[in-house]
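Novice: Pasting a structure below so you can have a look.
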């Protein structure tokens, strides 16, 4: 049995409370007569005499497509091909909004302006604040409780911003990967659109509850790791002669990218180039010191931060030595210093300087600043060859750069 046939065989659409025609039209922002017309024109194949959550969701997506300028003919073609299947808003949508912003402020004890700040921190539109649900109210009460327990507002806002950014990336990946590996194969197998919709709804309804355990597990593992790292950092800060200012931390920063990536995309095409980048990023993540992590990626560039610049420079030299020679060689630049920590990311002059250092490296090289080289002078298996004082873009004073190499080279 093919994967598509298995999905179809296993799919069981779940029963949901049946909305009325008026509720369907109101939630889609169209008239009742428009909904009836769409049903008559076969744009809502899920409707079979009764309004189900799936049929109501189909009306909403048709309304959105019409608002974006798509013709009824284009939408009908998409419906017939199964391109609109998998719209699972009915599985996720909370209850109808029963509170406006002022009412929410009264029942939660939070000021209306603060509620707006909390929502924008999470990346949500404030347009939704006039139709808040019981779920929204519950979350706002959690926020009020966190503030009452003593969490500073600035910390809460930054935490919510990190949650929003991270979970938006997770949700985006979930939808895109499901589309690529489940939805598209069904369409290519010629499965009728209505069958795809039923199969997708049933499959997602069973897979969705599995997402939270994975995230809870990863969150617990990472939380333990960073608590341990924080305790060590506190001890080292107490031992240092100069403690960073509030909101600043002392870290090592490494930037790494693939030399000649732009040319690679032109010569070998996007697919092969992206595959090389994925393997490069995986190689970085799997070899980093235990207390360092990838903060972000942009195209073929990776930003790594860790509390120990010596461990970072040792990793970088080993990484270059062991990287496959049949692929474009990476280049790595490393600096260390005090940086500003905000919203799960790192900012400031030292970060900018590290980014400029990697830009001066050639493929296969590891360049480091004097601060890093001096930190690693006791590492016998490394040597640092002075390149000279280099004027980096955006910096008025020249920067002393070193080529980091194994001592036996």
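Novice: Based on the Cβ-Cβ distance from residue 76 to residue 126, what FRET efficiency comes out when R0 is 35 Å, to the nearest 0.05? Please report the intermediate quantities before stating the final value.
Specialist: Working: r = 35 Å, r/R0 = 1.01.
My answer for the efficiency is 0.50.
Novice: With labels modelled as points extended 7 Å from the Cα through the Cβ direction, what inter-label distance (nm, one decimal) is found for residue 381 paired with residue 167?
Specialist: In this crude spin-label approximation the distance works out to 4.3 nm.
Novice: Find the percent of Cα-Cα distances in the range 244-406 that exceed 27 Å, and round it to a whole number.
Specialist: Values: 2752 of 13203 pairs.
Summing the P(r) tail past 27 Å for the range 244-406 gives 21 percent.
Novice: At 222 nm, what helix-only mean residue ellipticity would the chain give, in deg cm²/dmol to the nearest 500, using -39500 (n - 2.57) for each DSSP H run of four or more?
Specialist: On the way: 17 runs with 222 residues, N = 409.
Mean residue ellipticity at 222 nm (helix-derived): -17000 deg cm²/dmol.
Novice: Quote to one decimal, in nm, the extra length available between residue 272 and residue 116 on full extension: 0.36 nm per residue of separation minus the C-alpha distance between them.
Specialist: Working: separation 156, 0.36 × 156 = 56.16 nm, distance 4.41 nm.
Additional length available on full extension: 51.7 nm.
Novice: List, largest first, the extents of the alpha carbons of the range 101-166 along their principal axes, each in whole Å.
Specialist: 26, 25, 19
Novice: So, one more: If one computes P(r) from the Cα atoms of the range 22-85, what percent of pairs lie at distances over 16 Å? The partial results should precede the final answer.
Specialist: Working: 712 of 2016 pairs.
Considering the range 22-85, 35 percent of its Cα-Cα pairs are separated by more than 16 Å.
Novice: Given a 10 angstrom Cα cut-off, can you work out which residue in 270, 345, 308 is the most mobile in a GNM of the chain?
Specialist: Between 270, 345, 308, it is 270 that shows the largest mean-square fluctuation.
Novice: Please report how far the C-alpha centroid of the range 126-181 lies from that of the range 265-336, rounded to the nearest whole angstrom.
Specialist: First find each Cα centre; the distance between them is then 31 Å.
Novice: Then there is this: In nm, to one decimal, how far is the residue 395 label point from the residue 107 one, both placed 7 Å along Cα→Cβ?
Specialist: Here the answer is 5.5 nm between the modelled labels.
Novice: Just the C-alpha atoms of the chain: what Rg/Rh do they give, with Rh taken as the Kirkwood radius?
Specialist: 1.06
Novice: Which percentage, to the nearest 5, of the DSSP beta bridges contained in the chain is antiparallel? Write down the numbers at each step before the final one.
Specialist: Details: 36 of 39 bridges.
Bridges in the chain that DSSP calls antiparallel: roughly 90 percent.
Novice: Using r as the Cβ-Cβ distance of residue 216 and residue 293, and R0 as 30 Å, what FRET efficiency do you calculate, to the nearest 0.05? Each step should come with its number before you reach the end.
Specialist: On the way: r = 19 Å, r/R0 = 0.65.
Efficiency, rounded to the nearest 0.05: 0.95.
Novice: So what is the relative contact order of the chain, in percent, for Cα pairs below 8 Å that sit 6 or more residues apart?
Specialist: Details: 527 pairs, mean separation 52.3, N = 409.
Taking the mean separation of contacting Cα pairs over the length of the chain, I get 13 percent.
Bear in mind that the values in this text are calculations on the coordinates, not laboratory data. Quick caveat: nothing in here was measured; it's all calculated off a predicted structure. Please note: Cβ atoms are built from the backbone with ideal geometry, for glycine as well, and neighbour counts cover all protein chains shown.
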